[in-house]
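Below is one structure; the comments refer to it alone.
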Amino acid sequence: MSKKTIKDIEVTDKRVFVRVDFNVPIDENGDITDDTRIRAALPTINYLIDSRAKVILASHLGRPKGEFNLKYSLKPVAVRLSELLGKEVKFAEDCIGDDARQKALALRDGEVLLLENLRFHKEEEKNDSGFAKELASLAEIYVNDAFGTAHRAHASTAGIAAYLPAVAGLLMEKEISVMGQALENPERPFVAILGGAKVSDKIGVIRNLITKVDSLLIGGGMAYTFIKAQGFEVGKSLLEADKIDLAKELLQEADERNVKFLLPLDTVIAKELSADTKYETVNIEEMPKDMIGVDIGPKTVELFSKEIVNAKTAIWNGPMGVFEIKPFATGTRRIAEAMAECRGTTIIGGGDSVAAIEQMGFSDRMTHISTGGGASLEFLEGKELPGVSVLMDK
Ligand SMILES: Nc1ncnc2c1ncn2[C@@H]1O[C@H](COP(=O)(O)OP(=O)(O)OP(=O)(O)O)[C@@H](O)[C@H]1O
Ligand SMILES: O=C(O)[C@H](O)COP(=O)(O)O
């Protein structure tokens, strides 16, 4: 990676402000239902503890719209982090002000402090320079390890870097180097699998990947707009009518570039989006007018799996069907199995596909599972992420 990391600077004895992404799901009892993002930050935190730095952690949680709201407090995260680290994690009731300052200044080498939710201040999302300066005043070094929030230009992800030496954390480094390597210098064949709900969310990703991959496989709700563009009936499936021309254009571009653009050959169709509805599988050219396409069928699974298993690099973003409803999760499960079988570099690009991979128990068989949803999509679009561009170059 071209950016400096915590390994490139002296952190011992220093107060280090680490922006992490602890935006984790918390249920109505205040229990964290998935701590993946907290665990993903442990290498950076442990490195700083072992290096005898004074560690000040800051994150957002949810979208509290600039004011205090107990529902979005990071207190339960401090408890969970303390369990994971096996050591005390101090907590400041606010991310700026006297309490935060006193607790930050009182830290001894190797101690850890977590600040309360940054988004309890509206200045955070506005990238307010005064607020960024106040955050910076707590520390001597800034580390950005929040890959999941690196697409946001906020005070704690971008503005703060104007006031402190700014470097990447180890999670940030890993995310950018694994996905960057795949995009810039992939081992071939390079296959991308895209699914999920909408074409409009992924236009940028398709446009960028089409210039890099050998094969592009499209499933999920977004496939039906392409199927319609090829002149087939899609019944009551998800369709973005205003994107049909764009879909035609993308199909043509793939053709001109000699990129294999594979669409479903068959589809599971259902009367409605519920587990106890009537459903069956049909060839793609046989879709009835009154049914909804809810998953890829077995012929498509076979076609896609062959590409994936033979890939040297495979990137997957977005489920192949309405995987939240059990009978329609088969396509997504089978694609997860193919990814697990692939011997090349396998990358899951965040969002719902990560949930699917985890639900299905394949997490430890992937090379890399991104902690970013929106951030990984923007990265795959080839955009420069503000939280990365502010860091010092090597
Ligand atoms: N055929 C389909 N019809 C309707 N919805 C579908 C279909 N296939 C997949 N989906 C829905 O798409 C949703 C996921 O789409 P989304 O674009 O959000 O995926 P993602 O990119 O993995 O997630 P994120 O936006 O969090 O990164 C799921 O809720 C799933 O049910
Ligand atoms: O969950 C995410 O994608 C990140 O934490 C960013 O959250 P945001 O979309 O509320 O900025």
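The values are calculated or read from the model by the stated rules, or taken from the named source; none is laboratory data. In this text, all values refer to a predicted model and were calculated from it rather than measured experimentally. Cβ: placed from backbone, ideal geometry, glycine included. Neighbour counts: every protein chain shown.
General observations
Yes/no per residue for (1) more than 16 Å from ligand 2 (Cβ to nearest atom); (2) closer than 19 Å to Leu209 by Cβ; (3) in contact with a Leu (Cβ under 6 Å, 6 or more places away or on another chain):
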site: Asp290; (1), (2), (3): yes, no, no
site: Lys299; (1), (2), (3): yes, no, yes
site: Ile308; (1), (2), (3): yes, yes, no
site: Gly318; (1), (2), (3): no, yes, yes
site: Phe323; (1), (2), (3): yes, no, no
site: Phe328; (1), (2), (3): yes, no, no
site: Ile335; (1), (2), (3): yes, yes, no
site: Met339; (1), (2), (3): yes, yes, no
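- Taking helices (runs of 4 or more DSSP H) as the structural unit, those lying wholly within region 205-316 and holding at least 3 residues that are among the acidic types (Asp, Glu) correspond to 244-256.
- In the condition set (1) surrounded by 18 or more Cβ atoms within 10 Å (Cβ to Cβ); (2) over 21 Å from Glu124 (Cα atoms); (3) away from ligand 2 (no atom under 15 Å from the Cβ), Asp27 is compliant with all but (1).
- When each of Gly387, Gly361 is tested for being outside the structural domain of Asp145 (by the TED database) and at pLDDT below 95, the lone residue that passes is Gly361.
- Residue match in region 289-312 (condition: over 27 Å from the mean Cα position of the chain (by Cα) and in contact (Cβ under 8 Å) with a residue 60 or more places away in the chain): no
- So Pro76, is it part of a loop (DSSP other than H, G, I, E, B), under 23 Å from the mean Cα position of the chain (by Cα) and in the same structural domain as Thr149 (by the TED database): no
- The number of residues in region 147-185 being away from ligand 1 (no atom under 16 Å from the Cβ), assigned to a loop (DSSP other than H, G, I, E, B) and surrounded by 22 or more Cβ atoms within 10 Å (Cβ to Cβ) comes to 6.
Here's the yes/no breakdown for (1) out of contact with any Gly (no Cβ under 8 Å at 6 or more places or on another chain); (2) in the same structural domain as Gly220 (by the TED database); (3) more than 9 Å from ligand 1 (Cβ to nearest atom):
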residue: Val294; (1), (2), (3): no, yes, no
residue: Lys306; (1), (2), (3): yes, yes, yes
residue: Gly321; (1), (2), (3): no, yes, no
residue: Lys326; (1), (2), (3): yes, yes, yes
residue: Ala329; (1), (2), (3): no, yes, yes
residue: Arg334; (1), (2), (3): yes, yes, yes
residue: Ala356; (1), (2), (3): yes, yes, no
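- Here region 213-251 is the region considered, the condition is being of a type outside the set (A, V, I, L, M) and touching a Pro at 6+ places or on another chain (Cβ under 7 Å), and the residue that is nearest to ligand 2 (Cβ to nearest atom) is Gly220.
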